[in-house]
1. Looking at A:Asp209, A:Asp276, A:Asp239, A:Asp252, can you tell me which residue is out of contact with any Phe, Trp or Tyr (no Cβ under 9 Å at 6 or more places or on another chain) and within 12 Å of another protein chain (Cβ to nearest Cβ)?
2. Limited to region A:40-55, what total is found for residues that are among the basic types (Lys, Arg) and either in a loop (DSSP other than H, G, I, E, B) or under 16 Å from A:Val82 (Cβ atoms) (or both)?
3. Across region B:66-93, which residue is surrounded by the fewest Cβ atoms within 10 Å (Cβ to Cβ) among those that are at the interface with another protein chain (Cβ under 9 Å from one of its Cβ atoms) and part of a strand (DSSP E or B)?
4. Touching a Phe, Trp or Tyr at 6+ places or on another chain (Cβ under 6 Å), within 14 Å of ligand 2 (Cβ to nearest atom) and either within 14 Å of another protein chain (Cβ to nearest Cβ) or at pLDDT 85 or above (or both): is that true of C:Ile132 in this structure?
5. With A:Ser170, A:Ser109, A:Ser95 as the choices, which residue is more than 18 Å from A:Val69 (Cα to Cα), touching a residue at least 24 places away in the same chain (Cβ under 8 Å) and either out of contact with any Gly (no Cβ under 9 Å at 6 or more places or on another chain) or among the aromatic types (Phe, Trp, Tyr) (or both)?
6. Residues in region A:1-52 that are within 20 Å of B:Asp122 (Cβ to Cβ), open to solvent by less than 60 Å² (accessible area, probe 1.4 Å) and within 12 Å of chain B (Cβ to nearest Cβ): how many?
7. Is it true that C:Gly288 is under 30 Å from C:Gly139 (Cα atoms) and part of a loop (DSSP other than H, G, I, E, B)?
8. Taking region C:456-468 as the search range and keeping residues that are open to solvent by less than 60 Å² (accessible area, probe 1.4 Å) and farther than 27 Å from C:Leu284 by Cβ, which one is nearest to ligand 1 (Cβ to nearest atom)?
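The values are calculated or read from the model by the stated rules, or taken from the named source; none is laboratory data. Owing to the predicted nature of the structure, the values given are computational and were not obtained by experimental measurement. Backbone-built Cβ (ideal geometry, glycine too); neighbour counts: all protein chains shown. When the accessible area is computed, the model is the full protein with side chains, heavy atoms only, and any ligands, DNA or RNA have been set aside. Shrake-Rupley method; radii C 1.70, N 1.55, O 1.52, S 1.80 Å.
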Amino acid sequence: MIRTEELQLNMGPQHPSTHGVLRIVLRLDGEVIVEAIPHIGYLHRGIEKIAENRTYTQVIPLTDRLDYVSSMMNNFAYVLAVEELMGIEVPERASFIRIIMAELQRIASHLIAFGTGGLDAGAMTVFLYCFRERERILELFEMVCGARLTYNYFRFGGVSQDFPKEFAESARNFIKYMRPKLDEYEDLLLNNYIFQKRTKGVGVLKKKDALSYGASGPVLRGSGIKRDIRKEKPYSLYDRFDFEIPVGKNGDTWDRTWVRLEEMRQSLNIVEQALDGLPSGKVKAWGVPRMIKPPPGEVYRPIESTRGELGFYIVSDGSARPYRMKVRSPAFSNLSLIPVVIKGHQIADVVVILGSLDPVFGEVDR
Amino acid sequence: MKNPQFIKEIKKKFGKVILDFKSYNDEIILTIDKTSLLPLAKELKKIGFEYFSFVTAVDYQERIILVYRLSSFKDKVNLILKAILPLSDLKIDSVSSIWGGANWHEREVFDLFGVVFDHHPDLRRILLPENWSGHPLRKDYRDEDVVKRKEYF
Amino acid sequence: MLKKFWKFFEAFQSIFIGMGITFKYLTSKAVTFQYPDQKRPISLRWRGLLALKGFMGETPHQLLRESGAEPQTYKAYVHKRLKEDTLPHCTGACPANVDVSGQNALVAEGKYLEAFEIVQERNILPGVLGRICHHPCEGRCRRGYYDEPVSIKFLHRFIAEEARKTRRKNNPKLKRELKKREEKVAIIGSGPSGLAAAFDLAKEGYQVTIFEKQKFPGGMLAIGVPLYRLPRDVLLFDIERVKGLGVEIRTGVEVGKDLTIKDLKKQGFKAILIAVGLQVSRSLPIPGIDLDGVLLAVPFLKAVNSGEKVKIGKDVIVIGGGNVAVDVARCARRVGAEKVKMVCLEARHEMPAFPWEIEESLEEGIEIHCSWGPKQILGKDGRVVGLEVKECTAVFDAQGRFAPTFCEEHTKVVEGDTVILAIGQASDLSLVEGTEIKLNERRQLIFDKVTLETTETGVFACGEVTTGPSTAIGSIATGHEAAISISRFLRGEDLRKGRLPAINLEEFEEYPQVDLEDIEEERLRPRPVKLSVEERIDNFKEIELGFKEKVAVKEALRCLRCYSEKCVGCTFCARTCPDFCIEVERTRDGKRVAKYQIEMGKCMFCGLCSEQCPTRSLVMTPQHELAFYQKELLEYDKEKLLRSEKGYAFKEKEKERKYA
Ligand SMILES: Cc1cc2nc3c(=O)[nH]c(=O)nc-3n(C[C@H](O)[C@H](O)[C@H](O)COP(=O)(O)OP(=O)(O)OC[C@H]3O[C@@H](n4cnc5c(N)ncnc54)[C@H](O)[C@@H]3O)c2cc1C
Ligand code: SF4
């Protein structure tokens, strides 16, 4: 009999497939993973602490730096929470603009997840295509707010500036351009035999685990749980839009990737509906003071961000600075599933599974 | 409140330990005595609060309040559970045996606030380096390297 | 055979599927095959490096000067600025669009007379309005967003006071430039609107004559506004300046009685302007209205203001909740009434009177009975002994129109020996009889909303006859409009061409009150000195005192000169920057910017600072290259920040620099 010995393998923190700075200590039995211990915190900037020393408005650019591939969503969640504390009503047009931006952001972010998910399995083409498409969305964002990554676009009671004139047309062009692309990607990646072999039945996340680990977003829906905060507890004006929630069957890597693709389609629908129904009017509520001083109290307002339930738990003591700001980041909870889903798989699957959980470390580490 | 049924149930079972009870449309805010956290958590999971969103803490100077957020998809109810810890005794039972997700969240609270969770499988710092001293989100945390900001309005 | 083939197929199944897909794409037209071949242009909103467009200097931008100071071009200019979203909100909110930031800048420089002149251009009675204006401008002052609005009204008052000191009755420059025209214009009524029209027309050289019924000019300002709010010498001085332009005011002539409009036409007046205001106090059809001791507001105020003795009792009831009612109540308090009670339909927050007026009257011990409507006046031996009132449940209907509903059962009696009715005024238009000027069924003038022309050619109307109950500055604004119409009419031009509507107040945001707790003392606005209740209650001394010179200059320096594109060193960018990249300081006297320094190395391009900039001088430029330059260049100070016509000042030395 051959005597085998367990091997400890350090993956990361600088590793092209960890989607950021993540270190996983893998205990291997041959090729099979016996235990995986993730180590995070390499990108910890203490944003929650910094926020306690900034005024409410100054926190908005800070939230951009949480989940940097979907900054709009962070803006959205934060601004919604403070608005709820303050009792600010948002003009209709501003809400529509917010939804358009958020959904475009969802597409941009899912394109990355989808593309890099392919890259992790060795499919280079989709990755390049996805980045090209994302570039078009970033151009739209740049047109609207002048930034490509850290938008700082949302304000209490609205958004910082109205759409430029040419935006609506460009956005419509983008939708027209994007729809056939998604079909093509489905063929290229999801229907790809190799990709299917690499992902079907790999990294199965059971419903029970998904719930108790607080997974959310495509990770949760991939496991067959139909939960989307946009439908469950509509914030902003999401109850006016018609869209569906894609739900996976098996909870494996392929399902999660498929959910993302399907969500992009739905987001395109939402953007189109919002562009059609975009009302005119102000983009910022009247009478929002410069120095935001919410009455003492606390609020937790989750939104469905690209990665799942993103919420800001804010405690105010009536001063101009938040007393405590907790960021409930979806990627943190999703990533905590790593030890559960990776166990028993082969080492080559680690990157594929990790990619399908789509963590962004700005958000995980805060 | 859509579902008064299980509110009654909780109240009946844990009436003594619930210090405060508020409910809005579909949000319940419960404040409990810290000693009875574990049995209450078990019961809550049984009645449908399967989804563990997060646990965090707020430092109110003389006491720290732990805030748990749970959701029940079945009844579409969200729950905020609060447990009060006096600064002198920052210890509470871990719920990571009930909700796996609590594991990392409790580590985070331990890291940033110094709250000790009993029976936690792996209570280490999570975000900060192992050799960090102090718990930065505590209001009494001092760091010489921190630059003082001007008070500007 | 088939079985064998099937086995073979199974082994290479994946290859076949792959070939299939490849074939499919070979035959179909590739979609993902376009690459951008052009470099795309950068967005105009790009958040790049910060740059300043300029610093405040001696001559600030002035709306009035830029527009050519003509009433016609000024309006167009204001609208143009509004469309570009660069119109200072105070100017937009003022009904007459006074150039407020121009005024403030000139006061800050110590040029009080110049400031007076540019204010007078639009607001012909600066001294008067500096006291009684309801200042919608201040609620929309952008400074109110940061701490407290600039005291625009008191600055009007200050410059008028300075001008009065010099005793210059007219503007010599203006008078020299006057070109005489032959056409004669008659204006009926010397209220603010009539005076405004006369001022504009006289400036164009027309021969203007004002006919006034009363013995004194000034309209409701002289008849109605109480002395404790507006000393009459101020009013007279302002009117003198209008007269100085060659306007003739004939007092004691009532058109319709002493003279008719036809007579005026015969006398050679080419155009006639009706500015008769609302002169008749409305009465109420309730029992007991003809009792002894029931008075009307306007005659009462007129008597009080002209120093006549008025007979009122010790216990006065005023019916009405508007500004006139408040004035009546406070006047009654001053001429001997010991107790004054106001009865009005509206609830306290709905009362049409201005909140500060209500505040002051409460200080003076005036009782206000809100939500009560008069039922009947109780009398005994022909004299008033009280007023029976019924509860008013709603004042407005669902559409927001005035339609009070009452609860007849719920009544109470308010005791008193005098009742003064201040429930609104109506116009007395008996002067139109025998002309082609038509009235509608409610005896209101029919006129064109845009040109203000009545149904008879050559006869125009302005002021409160056209707008209904309004304010002094609102009436002045219509006076300017009417003057444009008349001068166009006399020159035979199209009255309508290019006429623009008044700017809607809704265009501008009214800022909420700022919590002043954390704000430094020097950022707050000065509070005017006020007489205490004991000092003012038994006389007609002016209640509020004006600013001293030092205070006024300091106050004018608080003005942010919105949209001037010249940094005023207000420091709000520095206060907003999350990373404290910006340092700004003013010189000791506050008139110039002494230091402006940005540390671009810390900047994270969030753009919050340029969003806060009220002048729009701090902009984020679409340039990013500087980040590649040497590090010391990332910190640049005042001189390097300025932008020249071609580009940025630092661009000129570009060749010498190498990329780091
Ligand atoms: C008591 C009171 C207080 C007020 N307080 C304020 C205030 O604080 N702030 C503010 O902004 N506004 C105030 N107002 C309103 C302001 O006074 C009026 O809006 C403004 O005076 C209207 O101007 P006008 O030119 O349209 O008419 P008026 O000022 O009414 O002028 C009309 C003139 O025409 C004369 N006239 C009438 N008929 C004839 C005729 N047949 N022949 C010749 N002459 C005639 C009248 O004698 C009068 O002098 C107040 C009004 C009143 C009554
Ligand atoms: S006239 Fe009145 S409204 Fe106009 S600027 Fe002066 S104070 Fe303001």
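1. Numbers: A:Asp276 fails: within 12 Å of another protein chain (Cβ to nearest Cβ); A:Asp239 fails: within 12 Å of another protein chain (Cβ to nearest Cβ); A:Asp252 fails: within 12 Å of another protein chain (Cβ to nearest Cβ).
Answer to the selection: A:Asp209.
2. 2
3. For region B:66-93, the residue satisfying everything is B:Ile80.
4. Details: touching a Phe, Trp or Tyr at 6+ places or on another chain (Cβ under 6 Å): no; within 14 Å of ligand 2 (Cβ to nearest atom): yes; either within 14 Å of another protein chain (Cβ to nearest Cβ) or at pLDDT 85 or above (or both): yes.
The answer is no for C:Ile132.
5. Being more than 18 Å from A:Val69 (Cα to Cα), touching a residue at least 24 places away in the same chain (Cβ under 8 Å) and either out of contact with any Gly (no Cβ under 9 Å at 6 or more places or on another chain) or among the aromatic types (Phe, Trp, Tyr) (or both) holds for just one of A:Ser170, A:Ser109, A:Ser95, which is A:Ser170.
6. Counting residues in region A:1-52 that are within 20 Å of B:Asp122 (Cβ to Cβ), open to solvent by less than 60 Å² (accessible area, probe 1.4 Å) and within 12 Å of chain B (Cβ to nearest Cβ) gives 6.
7. no
8. C:Cys462
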